[in-house]
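Worksheet for the structure shown next.
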Amino acid sequence: MAIEDETWMNYAITDKEFQCFSNLIYQQSGIALSGGKKALLVSRLSRRLSELGLKTFHAYYERVVGEHSDGEFTHMLDLISTNKTDFFREPRHFEFLRNQILPELQHIKKIRIWSAGCSSGEEPYTIAITMHDALISPSQWDCKILASDISTRVLAKAASGIYDLERVRDLPGEVIRRHFIREKGERLDTIRVKPHISDMVVFRRINLMDERYPIKSRLDVIFCRNVMIYFDRTVQERLLSKFHRYLKPGGYLFIGHSETLQLGQQHQFYYVEPTIYRKEP
Ligand SMILES: C[S@@+](CC[C@H](N)C(=O)[O-])C[C@H]1O[C@@H](n2cnc3c(N)ncnc32)[C@H](O)[C@@H]1O
């Protein structure tokens, strides 16, 4: 996501105003903004203040928390969250899913996966492509992928299943041919995920900070990659305990490669290999 627009004039923010925003963002989304993130907050929100005709961050804060905020908090989160993602990002997880997890479930032919913090959808579609290509008769399996994010903007993009051609440039031609279709008409530089893949994925807005999630049956795998990195230890621990609750016994948790469940961190998972954890079978 582009962070700065150089032609834009940044507004000034006081320490107190910054503190109010960082407290609110932390309480509502778990995202911890340290003092060093002041410039980032200003650069991402200044344009919005101007669009709304507001003169100060104080006035914007009032707007965000006010009775008539009209979803302004969600809009603000859209502007400050980092949504970087890719198809087949961190490929080891998809290899593990194909070679380890699917054979374990072969006898029941049923799998439930959650991509938590899915951003614009590349991660859940990669999971669907991996499963589709790994299964001998995909139609005989009951596969469901729940993909969620806090940001409505990235979720809308994800649900459309439409991407710039550039985004799939590094995928093998054969994968593109099987699972994507070129958009017809004016948008020749875009490509769309085919229905046999998109039908496997359901998108929902879920805030990971919520105490309960709208998930009925327990999960075999949770992908929560490159999300916890924005949370502090307290929020991470709370989240890990909720993930543990929502997984089936023997279920797996995948985290991002720059993240680790640290020594001394409270969690109930056991280590399988770097970035892959498991609930006791
Ligand atoms: C860097 S992206 C990771 C995308 C994908 N999982 C991957 O690894 O490629 C982080 C995502 O986490 C989402 N996120 C941040 N805080 C969240 C929260 N409290 N609840 C749900 N999603 C959140 C952001 O909106 C963003 O789309």
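This table checks each residue for (1) β-branched (Val, Ile, Thr); (2) within 14 Å of the ligand (Cβ to nearest atom); (3) not in a helix (DSSP H, G or I).
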site: Asp133; (1), (2), (3): no, no, no
site: Lys157; (1), (2), (3): no, yes, no
site: Tyr213; (1), (2), (3): no, yes, yes
site: Lys216; (1), (2), (3): no, no, yes
site: Ile229; (1), (2), (3): yes, yes, no
Residue check, Arg63 basic (Lys, Arg), surrounded by 15 or more Cβ atoms within 10 Å (Cβ to Cβ) and within 12 Å of the ligand (Cβ to nearest atom) | no
Which residue out of Ile276, Ile229 is in contact (Cβ under 8 Å) with a residue 12 or more places away in the chain, of a type in the set (Val, Ile, Thr) and farther than 21 Å from Leu33 by Cα?
-> Ile276
Select, from Phe203, Phe243, the only residue that is within 27 Å of Trp141 (Cβ to Cβ), within 15 Å of the ligand (Cβ to nearest atom) and part of a helix (DSSP H, G or I).
-> Phe243
Candidate set: segment 127-162, residues that are over 15 Å from Asn83 (Cα atoms) and hydroxyl-bearing (Ser, Thr, Tyr); chosen: the one surrounded by the most Cβ atoms within 10 Å (Cβ to Cβ) | Thr130
Are any residues in segment 68-108 in a helix (DSSP H, G or I), near the ligand (Cβ under 10 Å from one of its atoms) and of a type in the set (D, E, K, R), and if so, which ones?
-> Asp78
Filtering segment 168-204 down to residues that are within 30 Å of Gln27 (Cα to Cα) and in contact with a Leu (Cβ under 6 Å, 6 or more places away or on another chain), which residue is surrounded by the most Cβ atoms within 10 Å (Cβ to Cβ)?
-> Phe203
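Where a number appears in this text, it was derived from the coordinates with a stated rule and is not lab data. Keep in mind that this is a model prediction, so the values were computed, not measured. When we count neighbours, we look across all protein chains shown, and the Cβ atoms used for this are built from the backbone with ideal geometry, even at glycine.
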